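Written below as structure tokens is the structure these notes are about.
The values are calculated or read from the model by the stated rules, or taken from the named source; none is laboratory data. All of these numbers come straight from a predicted model, not from anything done at the bench. Every residue, glycine as well, gets a Cβ built from its backbone with ideal geometry; the counts of neighbours run over all protein chains shown.
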Amino acid sequence: MKIPPLFPLSRSSLMPFPPPSLPSLTSLISLPSLISLPSLSSLPSRISLPPLSSLPGPASLSVPRPPFFPLTPVLTGLLRHLGRVPLLRFPVPLLRASVLDLAILTGHLALYPAGIIQERRATPLPPETRRLPAEGRARPPVVLIHGFVDNRSVFVLLRRSLARHGWPYLISLNYSPLTCDIRSAAELLGREIEEICARTGHGRVDVVGHSLGGLIARYYVQRLSGDSRIRTLVTLGTPHEGTAAVPLANAHPVVRQMRPGSPVIEELRLPAPGCRTHFVSFWSDHDQLMAPVETARIAHPDLPARNVRVSGLGHLALPVHPAVATGIRQALEADLVPDGSAVVA
């Protein structure tokens, strides 16, 4: 069965409109040109620009101004100043010492909580106990005194080195971080040393002080007659002449006492004839907290002192570096006879 288409298609339905008639080629040639270009001869040989005086000046230009902020003048002046400041060039040894100090500080912060509590001590012997003579049988006790806002944990490596080389009595003292007076700390040190002598049976001790700890021990020796108890005083990065570093720390009274020209520093410059304590000062030419670095040297004419220069170490590396520990052992052994007894001057 043949089904008719739904929409019958025819030629007329496929092309409902007649095809457009295209112009012939002859008619296109006869059309007028659409664009008329001028000839080269009609172009001007020179272009005349208006004079510069006729151009609008800077005052007449309307440039939108940036929004104003309260810190805009400050930042503008700071950037202008930084543009005139040359780049700082740090010497390689100083940079190396600073990186070493930073690594030591990181490790020290991990040990710091363990050193907050005062170390346990043996019970003192009763007064009626018969004591054996200390001379000829053992080295004198070594008292370790830490620096400002520090504790006894800074001497962990030095204490281990001394113990391995035969020092049996090693005492690390903690003084309060709230200490506000070097004189009071020196008096407290004197009482501690008297108790150590009574407990160990030794008449004199050796002292190793780091930074402020060395200054406290020196004040005890010079101003409180501590030379009768301290045989050798070793100082590590101690500001014997005062330091001008970290001026923002002047809010603390102890820091002000460590400044050049302070009453405590002037007291330590007073004459000290007949001092029986031997001094050994280790100072570093890259100590960031000693300004100037030579302030860690002892220059008193009445004190028997020896200054040892350490190169390439920062302030925090002095009590932990093996080379400094070797120098400390040599300093403590300098006044000992071969059997281990101390030579009392």
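Of note:
- Set side by side, the residues Ala296, Ala291 differ, and just one is in contact with a Gly (Cβ under 6 Å, 6 or more places away or on another chain) and under 26 Å from Leu100 (Cβ atoms), which is Ala296.
- Scanning the stretch 87-142 for residues that are loosely packed, with under 11 Cβ neighbours inside 10 Å, modelled with pLDDT under 75 and among the polar types (S, T, N, Q) turns up Thr123, Thr129.
- Positions within the stretch 207-225 being surrounded by fewer than 24 Cβ atoms within 10 Å (Cβ to Cβ) and either at positive phi or out of contact with any Lys or Arg (no Cβ under 8 Å at 6 or more places or on another chain) (or both), in sequence order: Gln222, Leu224, Ser225
Listed here are the residues, each with its yes/no results for (1) over 24 Å from Glu192 (Cα atoms); (2) among the aliphatic types (A, V, I, L, M); (3) in contact with a Phe, Trp or Tyr (Cβ under 7 Å, 6 or more places away or on another chain).
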{"site": "Arg218", "(1), (2), (3)": "no, no, no"}
{"site": "Gly242", "(1), (2), (3)": "yes, no, no"}
{"site": "Leu248", "(1), (2), (3)": "yes, yes, no"}
{"site": "Gln257", "(1), (2), (3)": "no, no, no"}
{"site": "Leu268", "(1), (2), (3)": "no, yes, yes"}
{"site": "Phe279", "(1), (2), (3)": "no, no, no"}
{"site": "Thr295", "(1), (2), (3)": "yes, no, no"}
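- Close pairs from the stretch 145-171: first free of Cβ contacts under 8 Å to residues at least 40 places away in the same chain, partner part of a helix (DSSP H, G or I) and surrounded by fewer than 17 Cβ atoms within 10 Å (Cβ to Cβ), Cβ under 7 Å, at least 6 apart: Asn151/Tyr112; Leu170/Ala163
- Members of the stretch 260-283 found to be under 22 Å from Asp206 (Cα atoms) and either assigned to a loop (DSSP other than H, G, I, E, B) or at pLDDT below 95 (or both), listed by number: Ala272, Pro273, Gly274, Cys275, Arg276, Thr277
- On the stretch given as the stretch 156-186, residues that are surrounded by 17 or more Cβ atoms within 10 Å (Cβ to Cβ) and basic (Lys, Arg) total 1.
- Matching residues in the stretch 301-324 - criterion: being closer than 12 Å to Leu157 by Cβ, of a type outside the set (A, V, I, L, M) and part of a loop (DSSP other than H, G, I, E, B): Pro319, His321
- Extreme residue, modelled with the lowest pLDDT, among residues of the stretch 309-326 that are surrounded by fewer than 17 Cβ atoms within 10 Å (Cβ to Cβ) and within 15 Å of Ser281 (Cα to Cα): Ser311
- Condition met for Leu189 (surrounded by 21 or more Cβ atoms within 10 Å (Cβ to Cβ), touching a His at 6+ places or on another chain (Cβ under 8 Å), of a type outside the set (Gly, Ala, Ser) and under 17 Å from Thr238 (Cβ atoms)): no
- Residues of the stretch 144-159 satisfying the condition of being of a type in the set (A, V, I, L, M), farther than 14 Å from Leu189 by Cβ and either at pLDDT 95 or above or in a loop (DSSP other than H, G, I, E, B) (or both): Val149, Leu158
- Applying the criterion of being part of a loop (DSSP other than H, G, I, E, B) and under 17 Å from Val142 (Cα atoms) to the residues of the stretch 170-204, the residue that is farthest from the chain's Cα centre (by Cα) is Gly201.
- Filter pass, Ala299 being crowded, with 17+ Cβ neighbours inside 10 Å and either of a type in the set (S, T, N, Q) or within 30 Å of Val92 (Cβ to Cβ) (or both): no
- Exactly one residue out of Gln257, Gln222 is at pLDDT 95 or above, of a type in the set (S, T, N, Q) and over 17 Å from Ala305 (Cα atoms): that is Gln257.
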